[in-house]
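A quick write-up on the structure given underneath.
Computed from the coordinates by the stated procedures, all read-outs in this text should not be read as laboratory data. Just so we're clear, the structure is a prediction, and the values are computed from it rather than from any experiment. Positions of Cβ are generated from backbone atoms using ideal geometry, with glycine treated the same way; all protein chains shown enter the neighbour counts.
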Amino acid sequence: MDRTWSRQELAEHWSLGFEELARIEAKSEALRLGFAAQLKFYQLAGRFPASAAEIPDAAGCYLGDQLGRPAAELIDYDWSGRNGQRHRAEIQDFLGIRALEGKRCTKAPCNRPMNMELSRHDIGTCRGRCGRRGQRRRGG
């Protein structure tokens with residue numbers, strides 16, 4: 001995601017909605033920016049960032065401005081530790097993403113190795129085929 005972001009692109013891809021803000025504001029102040037960065041990065045890339053280095057500087061500043069936090073807090077965020085893992089699980093739950101079990105989703109692109117990045121179309125195809133959390137797949 002190493003690129004130059006216009007103000008319009010930042011607003012489109014990195015703005016926090018009301019539901020997102022409510023969830024973020026339930027976190028301690030020191031964890032809010034990291035949680036927000038993981039959430040927006042996941043929505044954009046379909047995967048979680050490994051570290052602050054993957055968050056574009058402009059996006060970190062844009063998120064920080066929305067939350068009243070300095071972008072430098074991203075460096076100290078617990079990306080791979082307990083808080084980061086807990087936040088990733090919460091984000092997946094919030095977005096309705098769940099692990100595939102058994103033979104629920106056996107056709108491509110869903111059966112690609114997890115270390116491969118899927119396009120938005122592929123993710124949508126998987127969601128459509130396998131359903132979202134709390135929904136049962138019909139006829140299967």
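Determine the sum of side-chain charges near A11: Lys and Arg each +1, Asp and Glu each -1, restricted to other residues whose C-beta is under 15 angstrom from that of A11. List each step's numbers first, then the result.
Details: positive: R7, K40; negative: E9, E12, E20, D65.
With Lys, Arg at +1 and Asp, Glu at -1, the neighbours total -2.
Its alpha carbons give region 1-98 an Rg and a Dmax of 12.1, 34 Å.
Computed from label points 7 Å out along Cα-Cβ, the spacing between A11 and I75 is 3.1 nm.
Using 1/(1 + (r/R0)^6) with R0 = 30 angstrom and r between the beta carbons of E29 and A53, what's the FRET efficiency to the nearest 0.05? It would help to have the intermediate numbers written out before the result.
Values: r = 23 Å, r/R0 = 0.76.
About 0.85, to the nearest 0.05.
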